[in-house]
Amino acid sequence: TAHRHGVTPTPTLTYVGTAELVGTIRQPKLLLRFALGMKHAQTGQSLVDWCKALPGRRWNPDVSAWEVNSLGPRPDQVLAAAGFELIFPEGGELAGITQLEQLYIPVTMLASNNRTVLIRTRFCGFEGTQKLIDNAGVWDKERELIKMSVVDVVKGASPRPGIMWDPKAVERSYEVHQDSPILAPELGPHVTALANALEPRAVASHIKAIQAHLGGPVGKFGVDLFPYQVVGAYGVAGGHTLLADSPGVGKTYQSLAGAAALRSNALLIVCPPVVTTNWGREVVKSGVFTEDQIATYRTGRKEPVIDDAKVVVVSDSTLAARPHLIHHLAVWMNRHEKVVVAYDEAHRMKTMGSKRSDAVLDMVAIATHARRVAITGTPVLAGPHELVPILEFTGHLGPVFGGAGPFLEEYCTRDRYGAFHPRKGALERLNKKLNEHVWMRRTKKDVLPFLPEKHITSVELDVDLKEYKRTHREVVEEIVKWFEAFKTQEGRWPAEAEIEDFAADNLRYASALRKAAGMTKVPIAIEMVADWVKANPDEPVLVWAHHKDVIAALHETAVKAKVNTGVIAGGISDTERMRLVDEFQAGKIPVLICSITAAGVGITLTRSSNAIFVESDWTPALMLQAMDRQHRIGQQRDVHAEILLALGTLDEHIQGTLAKKGETLAAILGDDSNSVAVGQDMDRDLMNLKEVMAELIKEACVQLRIG
């Protein structure tokens, strides 16, 4: 039963707006009901349109009401102004509530992982709560709450106002802020001096200070290191634990040497699934541990016994898929006095709140004494926000940046869809802070001046556009169907905001055009490859693509042309992948067709110095990673990468996006060699992915004659 400000309602038809309070103390909701055609009491706006504009609302057909969980500040006044009467429950958990203001302040609880705070937004709502925490939280749709790193509970010297904080979360937040990633405060200036250094002699006094703190220089190491790698090892050991040197300069051995400098007696390696075997090989070569001391988790294999292991290798995907391993590996680490966790290709945890990043961060949060080293030549793929999980992993997020909220507030802006964008005027400051406190970052051109040049050129193709245009028509027809279905259901065409939401959720339509563009280039690419093999029988070539269908078409066409090829794409076993790499390096495979995502990390393909990109990625860092399979230590010739562009397709717009993103990366990384854009002399109006979707929607509107 319920009462309307103390008056028991009679079971009659409602011709006035009512707002019924339901739910729980931690998760209250309102059910708004009103007669068709009713208008806002003050503004005269249709109540239907008013409800749709609320930040937290959805139509619930099961109870024939608008379900609302956010009204903004002063919710009681907002409803009264609209002409609603409040209905409060007489029994249950919400009995005794007389004002919605009592349920406005968000409430929290520290999660069992000891690093995440769970926030019930209550009537403050998602947007209101995000403002209180500087957009540091991630929405958990399944549990209908915000997840946030505990580091952001405290801002400055006290807990953030406007939220009811769990005392345990406040205590833990202070601890995280005080835990410096530097071994000793006095080492700070010494490690900063190493951040971009190349020669040990130039920073000898600083290295000696770090060595003295660690107990002396690194002992015998099984691999001869370049001078800059020696500097990198001591920088990592001293506290700059984001090893972010350019791809292809030997970060693996630097991280292992850093672990040796820390006198670690155990090593946990987290890496992409495709390089678990390779990491075992490198550990043995380094001489830090022996083969019989290594335990490796492999996909589809029985889990290894790790009790007596000194080195454990596990993929980040395995961690995310098997939650029990998080605790299991943390227990293993806690058995060892000095353990180092090295996360290879750490940019794979770039998405805040993803299963992958949460799995890795939860694990190291339990093993609090473990030193952590993040390894990635591409720490940023698109913008500064991708650094947040990496900085939490290394331990710099709280002590150096004050938490995710202050970091995002300083270096990013956020659009209406919740997407982060770089605050360009702040990127130089970010680069300076990373150099001073966080990373070892040396560019390939600085550390390997003897490395041959890398040349990126375009081949602009006049292709048969018949199939591409057919795909284009099909995509527009699908969008037209959505418009028509919306009108059938709602009795009107979608509003601008609803169209924008549809576009943001359906970028797959633009992806279909990208794949269609790739398919148009397959015959020409294989013709180019066949000619190359005939003219250069002793020099193999790489062929890069993204979509599975394009890779499959390339392989099928090559077989028909009697061109001997190998394929490294998603789904192949680690053993098969290493076999193909070894045979390619031995000169037994003349053409290797590679997936940009599946083969772009963790392997060396220096037998070849020529590559053809049948498809481009929207992200320049992924393109650079693929090119750096050849342009790395061991390469003796200039590397030539030809990017095929199908004129009249999405290819042209991808190049524009690559150019713009390359400028952002250059500002953050302090390196101007991050551009892979080609064909910039084309006369065209370049669009990004969202703008491409907008154009497709515009075509659908023209067909439907919607203004």
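The values are calculated or read from the model by the stated rules, or taken from the named source; none is laboratory data. As the structure is a computational prediction, the values presented were derived from the model and not from experiment. Every residue, glycine as well, gets a Cβ built from its backbone with ideal geometry; the counts of neighbours run over all protein chains shown. The area values use the complete protein model at the heavy-atom level, side chains included, leaving out ligands, DNA and RNA. Shrake-Rupley method; radii C 1.70, N 1.55, O 1.52, S 1.80 Å.
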Can you name every residue in the range 459-473 that is surrounded by 14 or more Cβ atoms within 10 Å (Cβ to Cβ) and either of a type outside the set (F, W, Y) or out of contact with any strand residue (DSSP E or B) (no Cβ under 9 Å at 6 or more places or on another chain) (or both)?
V459, E460, L461, V463, L465, T471, H472
Find all pairs meeting these conditions: Cβ atoms under 7 angstrom apart; at least six residues apart or on different chains; first residue within the range 452-468 and touching a residue at least 24 places away in the same chain (Cβ under 8 Å) and farther than 23 Å from H631 by Cβ; second residue among the β-branched types (V, I, T) and assigned to a loop (DSSP other than H, G, I, E, B).
Y468/T649
What residue, among those in the range 488-513 that are assigned to a helix (DSSP H, G or I) and of a type in the set (D, E, K, R), is farthest from R416 (Cα to Cα)?
E490
Out of all the residues in the range 361-411, which are free of Cβ contacts under 8 Å to residues at least 60 places away in the same chain and of a type in the set (D, E)?
E386, E410
Return the residue satisfying two criteria in turn: it lies in the range 392-420 and is among the charged types (D, E, K, R) and more than 19 Å from V341 (Cα to Cα), and of such residues it is surrounded by the most Cβ atoms within 10 Å (Cβ to Cβ).
E409
Being among the basic types (K, R) and in contact (Cβ under 8 Å) with a residue 40 or more places away in the chain is the filter here; which residues of the range 205-241 pass it?
K220
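Table: residues versus (1) under 21 Å from the mean Cα position of the chain (by Cα); (2) open to solvent by 10 Å² or more (accessible area, probe 1.4 Å); (3) not small (G, A, S).
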site: E576; (1), (2), (3): no, yes, yes
site: G587; (1), (2), (3): no, yes, no
site: L592; (1), (2), (3): no, no, yes
site: T597; (1), (2), (3): yes, yes, yes
site: G600; (1), (2), (3): yes, no, no
site: A611; (1), (2), (3): no, no, no
site: L624; (1), (2), (3): yes, yes, yes
Suppose we keep only residues that are open to solvent by 50 Å² or more (accessible area, probe 1.4 Å) and of a type in the set (S, T, N, Q) within the range 193-224. Which one would you say is nearest to the chain's Cα centre (by Cα)?
N196
Identify, by number, the condition in (1) open to solvent by 80 Å² or more (accessible area, probe 1.4 Å); (2) under 30 Å from A193 (Cα atoms); (3) not small (G, A, S) that H437 doesn't meet.
(1)
Determine, yes or no, whether E496 is out of contact with any Phe, Trp or Tyr (no Cβ under 8 Å at 6 or more places or on another chain), open to solvent by 50 Å² or more (accessible area, probe 1.4 Å), over 30 Å from V550 (Cα atoms) and charged (D, E, K, R).
yes
Mind checking whether some residue in the range 538-552 is in contact with a Lys or Arg (Cβ under 9 Å, 6 or more places away or on another chain), part of a helix (DSSP H, G or I) and open to solvent by less than 10 Å² (accessible area, probe 1.4 Å)?
yes
Considering only the range 336-357, state which residues are more than 18 Å from P273 (Cβ to Cβ) and under 13 Å from the mean Cα position of the chain (by Cα).
M352, G353
If we scan the range 659-669, do we find a residue that is at pLDDT 65 or above and either part of a loop (DSSP other than H, G, I, E, B) or touching a strand residue (DSSP E or B) at 6+ places or on another chain (Cβ under 7 Å) (or both)?
yes
Only one of G96, G156 is without any contact (Cβ under 8 Å) to a residue 60 or more places away in the chain, open to solvent by 30 Å² or more (accessible area, probe 1.4 Å) and on the phi > 0 side of the Ramachandran plot, namely G96
Here is a list: I479, I456. Which entry is crowded, with 17+ Cβ neighbours inside 10 Å and touching a helix residue (DSSP H, G or I) at 6+ places or on another chain (Cβ under 7 Å)?
I479
Counting only residues that are in contact with a helix residue (DSSP H, G or I) (Cβ under 6 Å, 6 or more places away or on another chain) and open to solvent by 40 Å² or more (accessible area, probe 1.4 Å), which one in the range 557-566 is modelled with the highest pLDDT?
T557
Run D638 past the list (1) closer than 23 Å to E576 by Cβ; (2) surrounded by fewer than 21 Cβ atoms within 10 Å (Cβ to Cβ) and report the number of the one that doesn't hold.
(1)
Looking only at strands (runs of 3 or more DSSP E) that fall completely inside the range 37-90, which ones have 3 or more residues that are in contact with a Ser or Thr (Cβ under 9 Å, 6 or more places away or on another chain) and open to solvent by less than 40 Å² (accessible area, probe 1.4 Å)?
84-89
Within the range 603-636, can you find the residues that are at negative phi and without any contact (Cβ under 8 Å) to a residue 40 or more places away in the chain?
T604, T606
Quick check on L242: is it over 19 Å from N435 (Cα atoms) and open to solvent by less than 30 Å² (accessible area, probe 1.4 Å)?
no
Result of the Cβ filter at 6 Å on the range 640-669, keeping first residues that are more than 27 Å from K424 (Cα to Cα) and polar (S, T, N, Q) and partners that are at pLDDT 80 or above and open to solvent by less than 30 Å² (accessible area, probe 1.4 Å), at least 6 apart or interchain, is T649/Y468; T649/A517
Considering the range 514-523, residues that are in a helix (DSSP H, G or I) and at pLDDT 90 or above, and then whichever is surrounded by the most Cβ atoms within 10 Å (Cβ to Cβ), we arrive at A517
Identity of the residue in the range 365-391, in a helix (DSSP H, G or I) and out of contact with any strand residue (DSSP E or B) (no Cβ under 6 Å at 6 or more places or on another chain), that ends up most open to solvent (accessible area, probe 1.4 Å):
I366
